[in-house]
Amino acid sequence: MAGRRHTTEEIIGKLREAEIVQAQGGTVADACRRIGVTEQTFFRWRKEFGGLKVDQARRMKELETENARLRRAVADLTLDKLILKEAAPGKLLSPARRRRCIDHVRKELWVSERRVCRVLGQHRSTQRKAPRGADDEDALTQDIIELARTYGRYGYRRVTALLRDSGWRVNRKRVERIWRREGLKVPQKQPKRGRLWLNDGSVVRLRPEYPGHVWAYDFVEGRTHEGRKFRILTIIDEASRECLAMVVARKLKSDDVLAALADLFVRRGPPAHIRSDNGPEFVANTVQAWLRQVGVKTLYITPASPWENGYNESFNGTLRDELLNGEIFYTLAEARVLIEAWRRHYNTARPHSSLGYRPPAPETAMPPCPPSGFASLHLRAGMAAEERMH
């Protein structure tokens with residue numbers, strides 16, 4: 001009997017037998033000899049099971065088992081909650097991101113891979129599979145980084161368009177994935193601007209319908225390295241988004257505006273309308289009279305309403321964001337060269353979002369593309385020259 005473990009039913013039966021011995025006048029020692037246990041064991045049994053019946057002991061055992069199961073369930077739920085809380089920041093949409101998240105949770109909470117995979121919905125074979133990128137992943141990454149370095153204010157969509165022009169057969173989502181993985185900065189969105197509406201619900205401005213229908217012009221201010229100001233007259237075609245001319249000088253007056261317009265009218269023909277604000281260079285009597293003589297109608301925006309000249313304002317913002325804010329002009333001549341180079345790049349190479357990420361006036365001769373999707377970045381000669389200027 002020594003060393004043998006008794007069941008609950010056996011213990012209760014022996015205690016009943018000991019009670020009978022004591023009821024007949026026997027001592028505790030007699031009862032212990034009768035049931036075959038030591039006095040210490042007898043007193044321990046009586047303390048734990050004294051007064052219980054067999055069915056009550058069974059019910060107590062079932063309750064203890066249920067209590068242990070509930071404790072385990074609560075512990076499991078608590079651990080699952082901790083895992084989900086640790087993995088909460090960000091959305092786990094891709095297997096790669098889930099893989100990184102699972103490694104992070106295991107490192108922080110010291111839980112098994114099986115448990116974390118079950119909670120986060122990742123198959124263990126997917127978790128253990130080593131990711132293998134495409135053969136051209138490194139080359140594509142280097143080209144994306146190079147374009148982002150060259151054109152610091154371009155987002156991944158324009159970079160995708162430039163990559164396709166240079167020969168890559170690449171998906172926009174793949175470029176976005178590499179873009180975010182490398183920590184490249186996406187330009188901030190411009191704030192939305194309101195419109196000026198009439199009582200009948202129509203917006204106050206003539207919308208362009210074809211190239212040459214509506215031109216727009218405005219001034220942009222810049223500074224050379226010593227702090228002296230210079231002005232830029234920007235003239236664009238609202239329909240095609242093409243920048244027709246950019247005149248750079250220390251001072252620009254109405255005579256300079258007329259000279260720039262006359263040169264464009266000779267080369268391209270006069271537009272049907274021309275839009276501008278109410279600056280003195282644009283509302284001068286000589287300018288209005290000359291435009292009437294050549295048959296061009298003027299569209300002056302409402303004072304203090306620059307959104308009515310939205311195409312030109314957007315272009316000026318792009319010019320300042322991508323060139324003026326990132327270049328140091330030591331002389332006025334240098335400013336003219338760099339601004340003209342940027343204008344050519346804007347017209348012939350820079351992808352425009354409103355044109356399906358195509359340039360406003362692409363060059364007629366495009367470089368040949370390689371037959372496969374594996375390519376290296378090769379820019380056109382004009383773009384390469386512009387990059388050296390930058």
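The values are calculated or read from the model by the stated rules, or taken from the named source; none is laboratory data. Please read all numbers here as calculations on a predicted model, not as lab measurements. Reconstructed Cβ throughout: ideal geometry from the backbone, glycine too, with neighbour counts over all protein chains shown. All accessible areas refer to the heavy atoms of the entire protein, side chains included, with ligands and DNA or RNA removed. Shrake-Rupley method; radii C 1.70, N 1.55, O 1.52, S 1.80 Å.
List of remarks:
- Evaluating GLN40 against the criteria (1) exposed (fewer than 12 other Cβ atoms within 10 Å of the Cβ); (2) part of a loop (DSSP other than H, G, I, E, B) leaves one unmet condition, (2).
- All positions within the stretch 247-257 that are of a type in the set (A, V, I, L, M, F, W, C) and open to solvent by 30 Å² or more (accessible area, probe 1.4 Å): VAL247
- The set of residues in the stretch 263-287 that are out of contact with any Lys or Arg (no Cβ under 9 Å at 6 or more places or on another chain) and open to solvent by 50 Å² or more (accessible area, probe 1.4 Å) comprises ASP263, VAL266, ARG267, ARG268, PRO270, ASN278, ASN285, THR286.
- Single residue of the stretch 305-361 satisfying the filter (of a type in the set (Phe, Trp, Tyr), over 27 Å from the mean Cα position of the chain (by Cα) and in a helix (DSSP H, G or I)) that is surrounded by the most Cβ atoms within 10 Å (Cβ to Cβ): TRP342
- Residue list for the stretch 206-225, filter: in contact (Cβ under 8 Å) with a residue 40 or more places away in the chain and loosely packed, with under 14 Cβ neighbours inside 10 Å: ARG223, HIS225
- With respect to the conditions (1) under 30 Å from ARG350 (Cβ atoms); (2) open to solvent by less than 30 Å² (accessible area, probe 1.4 Å); (3) polar (S, T, N, Q), THR150 falls short on a single one, namely (2).
- Qualifying positions in the stretch 122-141 - outside any helix (DSSP H, G or I) and either in contact (Cβ under 8 Å) with a residue 24 or more places away in the chain or surrounded by 17 or more Cβ atoms within 10 Å (Cβ to Cβ) (or both): GLN122, PRO131, ASP135, ASP136
- Some residue of the stretch 57-66 being modelled with pLDDT of 80 or more and crowded, with 16+ Cβ neighbours inside 10 Å: no
- Flag for SER94 being among the small types (Gly, Ala, Ser), open to solvent by less than 80 Å² (accessible area, probe 1.4 Å) and at pLDDT 85 or above: no
- Among the residues of the stretch 43-61, those identified as part of a helix (DSSP H, G or I) and hydrophobic (A, V, I, L, M, F, W, C) are PHE43, TRP45, PHE49, VAL54, ALA57, MET60.
- Residues of the stretch 1-37 that are of a type in the set (A, V, I, L, M, F, W, C) and either surrounded by fewer than 15 Cβ atoms within 10 Å (Cβ to Cβ) or farther than 26 Å from LYS61 by Cβ (or both): MET1, ALA2, ILE20, VAL21, ALA23, VAL28, ALA29.
- Residues in the stretch 288-304 that are small (Gly, Ala, Ser) and open to solvent by 50 Å² or more (accessible area, probe 1.4 Å): GLY295, ALA304.
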